[in-house]
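Chemist: First the structure, which I've put down as structure tokens, then a few questions once you've had a look.
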Amino acid sequence: MTAVHGQSMRVVFAFKINASRDAARLRNYWRPKLAYAATGAFEVDALFPDTDGVFLDYRSYDGSPVRTHFRFTDDGKIGHTACAPIGKAA
């Protein structure tokens, strides 16, 4: 979260991953998180629909609660995701 003119806002980065080019970066990012994940990490707490997608509440690698919102394209593929810690999710 960041503040602009006294109001907090969520910053969302949208980009496409080139799996062959970014595979090493993804491995380097996730390997230590998965190797030292907290007990209960990645457990799903809730899954519920929204008017333009679905919310998924889960535990991150360190056990902290996270909410991810998925929006889908007309052909059912994930078109956009946004996530934030549960305490800060809008």
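The values are calculated or read from the model by the stated rules, or taken from the named source; none is laboratory data. Small disclaimer: the values here were computed from a predicted structure and weren't measured. When we count neighbours, we look across all protein chains shown, and the Cβ atoms used for this are built from the backbone with ideal geometry, even at glycine.
Chemist: Take segment 24-58 and flag every residue that is more than 16 Å from C83 (Cβ to Cβ) and β-branched (V, I, T).
Modeler: T39, T51
Chemist: Just the residues that are among the small types (G, A, S) and in contact with a Ser or Thr (Cβ under 8 Å, 6 or more places away or on another chain), please, taken from segment 51-90.
Modeler: Once the filter is applied, which keeps residues that are among the small types (G, A, S) and in contact with a Ser or Thr (Cβ under 8 Å, 6 or more places away or on another chain), segment 51-90 yields G63, G79, A82.
Chemist: Now, a different point. Please verify whether segment 14-29 includes one or more residues that are out of contact with any Phe, Trp or Tyr (no Cβ under 6 Å at 6 or more places or on another chain), among the hydrophobic types (A, V, I, L, M, F, W, C) and modelled with pLDDT of 90 or more.
Modeler: Within segment 14-29 (the criterion being out of contact with any Phe, Trp or Tyr (no Cβ under 6 Å at 6 or more places or on another chain), among the hydrophobic types (A, V, I, L, M, F, W, C) and modelled with pLDDT of 90 or more), the answer is no, since none of the residues qualifies.
Chemist: Does D52 qualify as being within 26 Å of D75 (Cα to Cα) and modelled with pLDDT of 85 or more?
Modeler: yes
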